[in-house]
Amino acid sequence: AYFLLLRASLCYSALLWLCIMIFPRAFAAMFTNDAALLDFTATALRIYMACMVLFGIQIACQMTFTSLGNAKASILVAVMRKFVLLIPLIYIMPLIISSDPTMAVYMAEPVADFLAVTFTAILFFFQFRKALRQISDQPAMESSKKK
């Protein structure tokens, strides 16, 4: 079930990412028809959504944590992405990329997404193996209790 969810989530996030990369003005045009704003938004949206293609991994892992009864891990990775990583990066990135502080703020999102997906994947690797071991040990424990 996890691998099906991962494939579906990755396909969805990749499709959304591709649409945004190819047609950023169309997404921005839903909110404005100002030509200058559309030009700016097309560039900013491509930067902001750069790691959206990886986001399917984050979603699949978070949902699997929840379905395995490990809601704490699901909450941890969500909090890690938005509060622990994104908020500080919004302030740090303009210091690193001082040539264009506005775009540096937009770059905080893909950097936070990349780091969060990496953290989530590592945590998931260990937690998923642990959950599989517990599941495989349950039938052996139940049959020994019946004897």
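Screening Ser99 with (1) in a helix (DSSP H, G or I); (2) of a type outside the set (Phe, Trp, Tyr); (3) open to solvent by 70 Å² or more (accessible area, probe 1.4 Å) gives one miss only, at (1). Kindly indicate whether Thr66 is open to solvent by 40 Å² or more (accessible area, probe 1.4 Å), assigned to a helix (DSSP H, G or I) and in contact with a Ser or Thr (Cβ under 6 Å, 6 or more places away or on another chain). Judged against the criteria, Thr66 is a match. What pairs can you find where one residue is in segment 110-136 and more than 15 Å from Met80 (Cβ to Cβ), the other is open to solvent by less than 40 Å² (accessible area, probe 1.4 Å), and their Cβ atoms are less than 6 Å apart, with a gap of 6+ or different chains? Qualifying pairs under 6 Å: Pro110/Cys51. Among the numbered conditions (1) closer than 27 Å to Met21 by Cβ; (2) open to solvent by 80 Å² or more (accessible area, probe 1.4 Å), the only one that Thr41 does not meet is (2). Just wondering, is there one or more residues in segment 124-135 that are under 27 Å from Ala8 (Cβ atoms), open to solvent by less than 30 Å² (accessible area, probe 1.4 Å) and under 18 Å from the mean Cα position of the chain (by Cα)? There is at least one residue in segment 124-135 that is under 27 Å from Ala8 (Cβ atoms), open to solvent by less than 30 Å² (accessible area, probe 1.4 Å) and under 18 Å from the mean Cα position of the chain (by Cα). Of all residues in segment 81-90, those being closer than 19 Å to Leu45 by Cα and open to solvent by 70 Å² or more (accessible area, probe 1.4 Å) number 1.
Matching residues to (1) among the hydrophobic types (A, V, I, L, M, F, W, C); (2) assigned to a helix (DSSP H, G or I); (3) over 26 Å from Ala104 (Cβ atoms):
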position: Leu5; (1), (2), (3): yes, yes, yes
position: Ser9; (1), (2), (3): no, yes, yes
position: Ser13; (1), (2), (3): no, yes, no
position: Leu18; (1), (2), (3): yes, yes, no
position: Phe27; (1), (2), (3): yes, yes, no
position: Phe31; (1), (2), (3): yes, no, no
position: Leu37; (1), (2), (3): yes, yes, no
position: Ala42; (1), (2), (3): yes, yes, no
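Per this entry, Val84 is not counted among residues that are assigned to a helix (DSSP H, G or I) and more than 17 Å from the chain's Cα centre (by Cα). Filtering Ala60, Ala71, Ala78, Ala50 for residues that are open to solvent by less than 70 Å² (accessible area, probe 1.4 Å), among the hydrophobic types (A, V, I, L, M, F, W, C) and without any contact (Cβ under 8 Å) to a residue 12 or more places away in the chain leaves a single hit, Ala71.
The values are calculated or read from the model by the stated rules, or taken from the named source; none is laboratory data. Computed from a predicted structure; not experimentally measured. Counting neighbours? That spans all protein chains shown, and the Cβs are built from the backbone with ideal geometry, glycine included. Surface accessibility is based on the protein's heavy atoms, side chains included, excluding ligands, DNA and RNA. Shrake-Rupley method; radii C 1.70, N 1.55, O 1.52, S 1.80 Å.
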